[in-house]
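In what follows, a single structure is set out as structure tokens and then discussed.
The values are calculated or read from the model by the stated rules, or taken from the named source; none is laboratory data. No experiment lies behind these values; they were computed from the predicted model shown. All Cβ positions, glycine included, derive from the backbone under ideal geometry; neighbour counts span all protein chains shown.
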Amino acid sequence: MSQFIDQLNAMLEPAVEALGFELLGVEFIRAGKHSTLRVFIDSENGITVDDCADVSHQVSAVLDVEDPINTEYNLEVSSPGMDRPLFKEQHYADCVGETVSVRLRVPMGNRRNFKGEVLQVEAGVLTVAVDNEKFELAIGNIEKGNLVPNFNG
């Protein structure tokens, strides 16, 4: 699945950037006729509903031509929101000092889920503190990662 996601990112990034936005990443949730392709975009000025509509039209055109998905699906274009999804090493590096939630593809020990403070990101390794214990997680093994919103100021 990650190779497929990489292909989608590579295919869609030029179209999104041509409109002046950053492609944060994509998610594809398989569910038969109810599958969803979620495209996350951002910009320095934030994202409006009109921005999402513009990107949706552009991405739809690329997907219609390239036709990489051989099943029915819904396309969603979204801003990252408060629980910003994290896709790339740089996204994690930008969160040093923040709390993140991470689910691994392959368990580390007996554990797949980690929620803790990002201490460091270096050479493809995310170091997080969870309950006063440090864990070094390979970013390539992260299935899903999100920033945990801080509502305390």
Open item on the list: Given the criterion under 16 Å from Gly25 (Cα atoms) and either free of Cβ contacts under 8 Å to residues at least 60 places away in the same chain or small (Gly, Ala, Ser) (or both), identify the matching residue among Val77, Val130.
Closed with: Val77
Open item on the list: Return the residues of region 1-54 that are of a type in the set (Lys, Arg) and modelled with pLDDT under 95; say none if nothing qualifies.
Closed with: Arg30, Lys33
- [ ] Would you please name the residue that is farthest from the chain's Cα centre (by Cα), looking only at residues in region 31-56 that are exposed (fewer than 13 other Cβ atoms within 10 Å of the Cβ) and of a type outside the set (Gly, Ala, Ser)?
- [x] Lys33
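Could you tell me whether Glu27 is among the charged types (D, E, K, R), in a loop (DSSP other than H, G, I, E, B) and either free of Cβ contacts under 8 Å to residues at least 24 places away in the same chain or surrounded by 12 or more Cβ atoms within 10 Å (Cβ to Cβ) (or both)?
It is false that Glu27 is among the charged types (D, E, K, R), in a loop (DSSP other than H, G, I, E, B) and either free of Cβ contacts under 8 Å to residues at least 24 places away in the same chain or surrounded by 12 or more Cβ atoms within 10 Å (Cβ to Cβ) (or both).
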